[in-house]
Structures are given as C-alpha cells and as structure tokens.
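The values are calculated or read from the model by the stated rules, or taken from the named source; none is laboratory data. Please read these numbers as outputs of a predicted model, since none were measured by experiment. Quick reminder, even Gly has a Cβ in these numbers, built from the backbone with ideal geometry, and neighbours come from all protein chains shown.
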Amino acid sequence: MRALDGYYADKIAVVTGAGSGIGLAIAQLLGHYGAKVHCVDIHGDAALNVARGLHNARAHTLDVADALAVCKLADAVYAEDGRVDLLFNNAGIGHTADVVDIELDDWRKVIDVNVMGVVHGLHAFLPRMIKQSTPSHVVNTASGAGLIPHPKMALYAASKHAVVGLSTSLSAELHASNVKVTILCPGVINTAIAKSSRMRGETGVHQSNAVEFYAMNGASPESVAKDLLTDVCKAKLFCLTPRVQVGLGWWVYRLSPGLAMRIMRAQINKILGLG
C-alpha cells in the first residue's frame, strides 16, 4: 500500500460515474491515497455525497453523452488545477436482451453513454494531457463482455468491444507520448448495474434473478478499484478483475471460441435463472 500511497499522492484525477459502484470505489481509494478527485456523475447529489466524504475533492453533475458538457468540465478542471494526471472514463449503463428484442432507441442510448461517453472524455481532455510536461494516464472502463461472448447482452458487449478496440489502438498511438492507457475489464461485480440495466423480452421477466445473482456472487467494487489502481501504477494495458474469472474466460475464448460460447450461454442462463 505504501507504494500506491506514494504514486497517487497529490495526483489530479477525474472520475466519471463516481456516484456509485466501481466509480465510487475508485474515487474513494484515490482519495485514500492522497489524490485530489473530481467526482463526476449524472446524479449530482450522489457525486456531491462522494466528494464530501473525501479530503480533497470536487463534485460535478453532467451526462457524459453531452459532448459540450464534458468540454466544459475539462475547462473547469484545467482552470482550477492546471493539469489532469488521471482520467477515468468510467460512466456506463447496462443492457440485456436478445438482439431481436432490442429497440433502436436502446442502441442509441447505450452507444451514446458507453462509447461516446469515452470519446467525449478523450476529445475534451486528451489534447491537453498530451501537452502536459508531466506523465498522465487514461483509464477506459470496458468489461469482460468486451473480451468474451455474452449472449443476451449483444448491445452491451458491442459497446464494450468498441471501448477495447478504441483503447488498444489509442495505446499503440500514444506509445511515444507521456500518456499511458489502461482498459478496465470487470466481470460480475456487486453493483446496481443489474437493477438499473434495461432488460427486454424474456430477460426482462427474470431481471430480479440477475439482481440477486450479482448481489450474492459479485466481487466487491472495492476489490476492482484496488486491482485497477495497482495495474495503473504498473502501466498495464489491461486490468482484468476478478483476475481468475475474467482472465480464465478470455484465455478459454482465445483457445476455443466454441467452448467459450457454450460456457457463457450456461453462465448467462444461470444468472437469469433460466435453468
């Protein structure tokens, strides 16, 4: 812990989706390590509550799907602090449904938040981070669903695959710069995402089963934050967490896509209580 204390002390961090779940845990752990944290969330009261619990933090209310609002956030942070050392493009929403049951508005909403939210963060902050004289780091939250097939979650998986593709390409592009990139790929985590996700068709009928499964079997957001900040300190490109769950699943998929698909069909059916 002492090494992380030294690494994050006095860093300027921006965390979107900081009002709950993984974003909340990241903000709190950064604060514990001595960073100044800009807590950003669409729910302003939640962001304010998190910021009030930290020694040095600011709360910001905005929707990451709003490009202009994210640009104004960047203006405000740079006006106050002059730099950003850590940008966590973490805000996201869930979705579960068979592809035939997904409405076009669902596609637009999930892509706007999960993909364009990351794009807006990069567009607003990255040019200035590159120009800084000090090293900085971008962390984009994807998912295990961005690496491994997730039946009945095609829309969500598509958005997270996009984040993985964007981030790996960005990392290759920035190899000679002072900006590093880490991709967060969590698995089953005990957050409110199952409860807040839009579920349609057969999956919607069984949403309460998914909520219960995540609550009973999900890893803690705090463990995700700990794994992530450890990997960021080591400049790792991928943070897979829980390590065994996501790492093993990704390994199996690369070894045998057909086997991975069978395993994930069974897993999703178990989560939804479909037998």
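Quick notes
- In this structure, ILE111 does satisfy being under 30 Å from ALA154 (Cα atoms), at pLDDT 95 or above and assigned to a helix (DSSP H, G or I).
- You will find that of ALA235, ALA215, ALA219, the residue that is touching a Lys or Arg at 6+ places or on another chain (Cβ under 8 Å) and either small (Gly, Ala, Ser) or more than 27 Å from ARG265 (Cβ to Cβ) (or both) is ALA235 and no other.
- Listed by position, the helices (runs of 4 or more DSSP H) inside the range 176-275 whose residues that are loosely packed, with under 15 Cβ neighbours inside 10 Å and at pLDDT 95 or above number at least 3 are 243-255, 257-272.
- For the range 1-45, filtered to residues that are within 12 Å of LEU229 (Cβ to Cβ) and among the charged types (D, E, K, R), the residue that is modelled with the highest pLDDT is LYS11.
- Listed by position, the strands (runs of 3 or more DSSP E) contained in the range 29-95 that have at least 3 residues being touching a residue at least 24 places away in the same chain (Cβ under 8 Å) and crowded, with 22+ Cβ neighbours inside 10 Å are 36-41, 86-89.
- Close contacts from the range 221-246, counting a first residue that is within 22 Å of GLY19 (Cα to Cα) and charged (D, E, K, R) and a second that is modelled with pLDDT under 95 and surrounded by fewer than 21 Cβ atoms within 10 Å (Cβ to Cβ), with Cβ to Cβ under 9 Å and a gap of 6+ residues or different chains, come to LYS226/LEU4; ASP227/ARG243.
- Exactly one residue out of SER133, SER169 is surrounded by fewer than 16 Cβ atoms within 10 Å (Cβ to Cβ) and not in a helix (DSSP H, G or I): that is SER133.
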